[in-house]
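Everything below concerns the one structure shown next.
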């Protein structure tokens with residue numbers, strides 16, 4: 001099992017979980033609140049000391065449970081819904097050949113996001129504003145690049161395999 005599949009499993013992303021995470025509110029709320037919450041909690045230790053630990057636990061709980069906190073996406077009309085379902089295809093490496101997409105491009109975006117995260121975490125630990133925010137921004141925009149790639153994968157894979165389409169269209173449940 002690939003590490004991405006293990007991570008998805010740790011977040012509770014089975015079939016129903018992926019459909020809940022594909023709700024645009026889930027995807028966008030996690031994208032928008034992720035780094036600001038992490039930064040706020042990390043820097044709060046400067047002002048509130050050890051009281052930042054419970055805040056960190058609440059933040060971790062939010063980021064962990066967010067994918068399952070919304071109702072399932074109804075259809076694939078939303079860009080974020082397609083991106084999340086594309087991420088699911090990418091984790092299983094389904095449809096990549098049919099979509100004409102290479103795995104290394106997905107990994108490239110994730111490496112950039114990871115490098116940005118390392119710089120951001122360094123900035124949080126050392127109270128370095130420039131490192132903190134430049135790393136967080138680099139990580140955020142690399143993640144946007146990754147999910148844009150996933151959305152492309154979903155659209156191209158569904159064009160080649162219409163039975164892979166997710167959500168309910170015109171009252172008909174699709175697999």
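Data for the structure
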read-out: Candidates 83, 73, filtered to the one that is outside any helix (DSSP H, G or I) and at pLDDT 90 or above; value: 73
read-out: Residue match in the stretch 68-76 (condition: on the phi > 0 side of the Ramachandran plot and exposed (fewer than 15 other Cβ atoms within 10 Å of the Cβ)); value: no
read-out: The lone exception for residue 69 - which of (1) free of Cβ contacts under 8 Å to residues at least 40 places away in the same chain; (2) more than 14 Å from residue 147 (Cβ to Cβ) it fails; value: (1)
read-out: Which listed residue is farther than 25 Å from residue 142 by Cα and surrounded by fewer than 20 Cβ atoms within 10 Å (Cβ to Cβ), from 52, 60; value: 52
read-out: Counted residues, the stretch 1-19 - those being surrounded by fewer than 20 Cβ atoms within 10 Å (Cβ to Cβ) and outside any loop (DSSP other than H, G, I, E, B); value: 10
read-out: For residue 26: the one exception among (1) at pLDDT 90 or above; (2) surrounded by fewer than 20 Cβ atoms within 10 Å (Cβ to Cβ); value: (2)
read-out: The lone exception for residue 41 - which of (1) assigned to a helix (DSSP H, G or I); (2) under 15 Å from the mean Cα position of the chain (by Cα); (3) crowded, with 17+ Cβ neighbours inside 10 Å it fails; value: (2)
read-out: Qualifying residue in the stretch 80-102 (condition: crowded, with 18+ Cβ neighbours inside 10 Å, without any contact (Cβ under 8 Å) to a residue 60 or more places away in the chain, within 19 Å of residue 146 (Cβ to Cβ) and within 15 Å of the chain's Cα centre (by Cα)); value: no
read-out: The stretch 51-64, residues that are within 24 Å of residue 131 (Cβ to Cβ) and either at pLDDT below 90 or not in a helix (DSSP H, G or I) (or both); value: 63
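The values are calculated or read from the model by the stated rules, or taken from the named source; none is laboratory data. Every value quoted in this text rests on a predicted model; they were computed, and no experiment measured them. Here the Cβ is made from the backbone with ideal geometry for all residues, glycine too, and neighbour counts use every protein chain on show.
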